[in-house]
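Chemist: Quick one: the structure is below, questions incoming.
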Amino acid sequence: MSTMIDDPRLVEERPGLAGIWDGWRRRLAQGEIGQLPVIIGLIAIGVIFTILSNGTFLKPSNLTNLFLQIAAVGTIAAGIVLVLLLGEIDLSAGALSGLAAGVVAVLNVNMGIPSVVAIPLGILTGTAVGAIQGSWTFSFRIPSFVVTLAGMLTWTGALLFILGKTGAINIRDPLILGLAGTFYGGAIGWVLGLVFVAGFAVYVFWGRRQRAAAGLLVGSALTTYLKIAVIVVLVLAAIAILSQDRGIPASLLILIGLIVVLDLVIRRTRFGRYVMAIGGGAEAARRAGINITNVRIAIFALCSSIAAFGGILGLSRANAVYQATGGGDLLLNAIAAAVIGGTSLFGGRGTVWAALLGALVIGSIANGMALLSLEPSVQYMITGGVLLAAVTIDALARRGREASGRA
């Protein structure tokens, strides 16, 4: 029986390897590089740190710790991606994640409110903050950089206020701790992997049919099969490695699930198309009848909600909330993850998957340098260099798109 991918109505590129090469060459010439640089970077990072650490980097225990480390940063970065797609920025995401963690801890520990109530209230705190900051930004036409910078200072102070003189609250609730402390190994882990692979395959085929129905050029059948095959190999290899330790972390599954949902919203809904249109040109979007103010406020509220949940994941892993929670380099790493993953700072280009890829790059660099016992000064400089390289690649890609008339 013929499958969707063999439908003769599809308008394909040249078949076979020649078609794949032609497609890649055309996209590179037009600046459509996608996540290619970050994928190459991940491979290089893995090879370098595996050699320098004598194989420790790829050990199951270290990879499990790596995925645990990137869960909170990746979640916050997913929210940052949404704001960057608008061509805006949110500097308060890190501080807000700390405030949300503090709210959950105070409600659960100090006030005795069950975690099933405290967690949603912590997330709603982020929603309210994001809506306020978005409304303030676009109602008064103040740059989001300034409003969210003020928010960063305000929510840092708010965390200090709710923690009081003790300055720290330890968490003992099993539900909260289970967010980062639950692992799925054995048959459950393999079933989860197979479900993800099957869902990815269906999504790819569906997207192919959608493009064909719209009269757009689709990749060759071989390209699609290769894409699915690569994902199958990577997912099954990851499960095989993680199963040798504690299994698949629940926090990683939460992060991937969040990214899948957000990706569907941005790529497959009218609201998502509005977001991309505004990021590509706000005035053009307004003239097309889009209520750009409402969309922007909604995105800021969603970004802050996601940041709040990222703070709760961080709370679960740390088992406590402190005065420094949400501070340090958390915000910088989240923004860096979004940009390194391929999201354009100019708006209108990028995917939510950039958050996961970028978080893997940032987390892998930090993890590898920790294994090598490098000084913090060196770690900061290397991370900064990687971020600068990512921004430079984005700028060069944008120049290529402008030259080809696709910017």
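Chemist: Among the chymotrypsin sites (Phe, Trp or Tyr not before Pro) in segment 108-182, which ones are in a DSSP loop with at most 16 other Cβ atoms within 10 Å of the Cβ? Mind listing them?
Modeler: Hits after loop and neighbour filter: F140.
Chemist: Taking the highest mean first, how do the peptides 377-385, 118-126, 339-347, 90-98 order by number of other beta carbon atoms within 10 angstrom per residue? Present the calculation step by step, with values, prior to reporting the outcome.
Modeler: Values: 377-385: 13.2, 118-126: 21.3, 339-347: 23.3, 90-98: 30.4.
Answer by packing, highest mean first, reads 90-98, 339-347, 118-126, 377-385.
Chemist: Mind jotting down the distance between the C-alpha centroids of segment 193-237 and segment 43-73, whole Å?
Modeler: Going from one Cα centre to the other spans 27 Å.
Chemist: Label points 7 Å out from Cα along the Cβ direction at L58 and R141: separation in nm?
Modeler: Going by the 7 Å Cα→Cβ label model, 5.7 nm.
Chemist: Could I ask something else about it? Expected output is a single nm value to one decimal: the length gained when fully extending between K227 and T269, i.e. 0.36 nm times separation in residues minus the C-alpha distance. What is it?
Modeler: 12.7 nm
Chemist: Determine the sum of side-chain charges near A318: Lys and Arg each +1, Asp and Glu each -1, restricted to other residues whose C-beta is under 14 angstrom from that of A318.
Modeler: Net local charge, A318 excluded: +1.
Chemist: To the nearest 500 deg cm²/dmol, what mean residue ellipticity at 222 nm is calculated for the chain from DSSP H runs of n ≥ 4 alone, each contributing -39,500 (n - 2.57), summed and divided by the residues?
Modeler: Per the formula, -24500 deg cm²/dmol.
Chemist: Right, something else. Tell me the net charge near S61. Cut-off is 9 Å between Cβ atoms, S61 excluded, with +1 for each Lys or Arg and -1 for each Asp or Glu.
Modeler: Net charge in that neighbourhood comes out at +1.
Chemist: L236 to L372: extension gain in nm, 0.36 nm per residue of separation minus the Cα-Cα distance?
Modeler: Net length gain for the segment: 46.1 nm.
Chemist: Continuing with the same structure: Between Q244 and A213, 0.36 nm times their residue separation minus their Cα-Cα distance comes to what?
Modeler: Full extension from Q244 to A213 adds 6.7 nm.
Chemist: Report the label-to-label distance for V202 and L388 in nanometres (one decimal), using points 7 Å from each Cα along the Cα→Cβ vector.
Modeler: The answer from the label model is 4.7 nm.
Chemist: Next question. If exposed trypsin sites (Lys or Arg not before Pro) are those in a DSSP loop with at most 12 other Cβ within 10 Å, what is the longest stretch of the chain that has none? List each step's numbers first, then the result.
Modeler: Numbers: sites that count: R9, R141, K165, R172, R406.
In short, 173-405.
Chemist: If one computes the Cα centroid of segment 304-373 and of segment 86-142, what distance in Å separates the two points?
Modeler: Rounded to whole Å, the Cα centres lie 17 Å apart.
Chemist: Right, here's the next one. Treating only the Cβ of Lys, Arg, Asp and Glu as charged (+1, +1, -1, -1), what charge dipole size does the chain show about its Cα centre? Round to the nearest 20 debye.
Modeler: The calculation lands at about 820 debye.
Read the figures in this text as sums done on the coordinates, not as results from a lab. Because the structure is a prediction, the values reported are computed rather than measured. Cβ coordinates were reconstructed from backbone atoms using ideal geometry, including for glycine residues, and neighbour counts include every protein chain displayed.
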